[in-house]
Amino acid sequence: ATFAVGPSIGDWVDRQQPLHAPTVAYAVQNLSIAASASCAYVALSISGESSFHIPVALLVIATATTARLGSVASTIAVEKRWVIALCSAHDDEVLTTTNATMRRIDLTCKIVAPLLAGIIMSSFGERAATVACALFNIAAWPAEVVCLRAVYRASSHLFTSREEVSSS
């Protein structure tokens, strides 16, 4: 899906206002993860041979794919557009350091999240882990939006349209 739709997502991000694109992208990502976790909860709750297993599994896949596409949009909007805009007044070393820091944060999350999910599954069961995943993603979105707005308000003058950048 990323291969097929990725360029269209990049075009969409480029046409949006700087604050709108990551806000929508994080909403799609977080709500899709919550929906996928909810579908997984249903799948885990279905007992025995049921005709609902395949449709629920397809819903898990569809919502997880949508979450991945939201992730692509948020990566383009924040890591590619915002970081460059925020570091544009500085030298290349600041951009390199910021990119390295963002990558460290990303990799840490990719290590810690499955670890926490495993701990929750081992301690409270698989369904509890799906509920925790859904609730965390629903709760995270408002916090992400607050942080995005704070950064944007503090430095909105750094965001210029693509046309202004290419003409200078």
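Structural remarks
- Scope the range 127-168; condition in a helix (DSSP H, G or I), open to solvent by 70 Å² or more (accessible area, probe 1.4 Å) and either modelled with pLDDT under 90 or touching a strand residue (DSSP E or B) at 6+ places or on another chain (Cβ under 9 Å) (or both); matching residues: ARG153, ALA154, HIS157, ARG162, GLU163, GLU164, VAL165, SER166, SER167
- Residue within the range 46-57 that is open to solvent by less than 70 Å² (accessible area, probe 1.4 Å), at pLDDT 95 or above and among the hydroxyl-bearing types (Ser, Thr, Tyr) present: no
- Taken as a whole, the condition of being more than 29 Å from ARG15 (Cα to Cα) and either open to solvent by 80 Å² or more (accessible area, probe 1.4 Å) or without any contact (Cβ under 8 Å) to a residue 40 or more places away in the chain (or both) does not apply to SER38.
- Enumeration of residues in the range 2-27 that are loosely packed, with under 14 Cβ neighbours inside 10 Å and hydrophobic (A, V, I, L, M, F, W, C): PHE3, ALA4
- Filter pass, VAL78 being within 14 Å of the chain's Cα centre (by Cα) and either touching a residue at least 12 places away in the same chain (Cβ under 8 Å) or more than 21 Å from THR23 (Cα to Cα) (or both): yes
- Annotation: ASP92 fulfils all but one of (1) touching a Ser or Thr at 6+ places or on another chain (Cβ under 8 Å); (2) open to solvent by 50 Å² or more (accessible area, probe 1.4 Å); the unmet one is (1).
The values are calculated or read from the model by the stated rules, or taken from the named source; none is laboratory data. Note that this is a predicted model, so its numbers are computed, not measured. We place every Cβ from the backbone using ideal geometry, glycine too, and count neighbours over all the protein chains shown. Please note that ligands, DNA and RNA were not included when accessible areas were found on the heavy atoms of the full protein model with its side chains. Shrake-Rupley method; radii C 1.70, N 1.55, O 1.52, S 1.80 Å.
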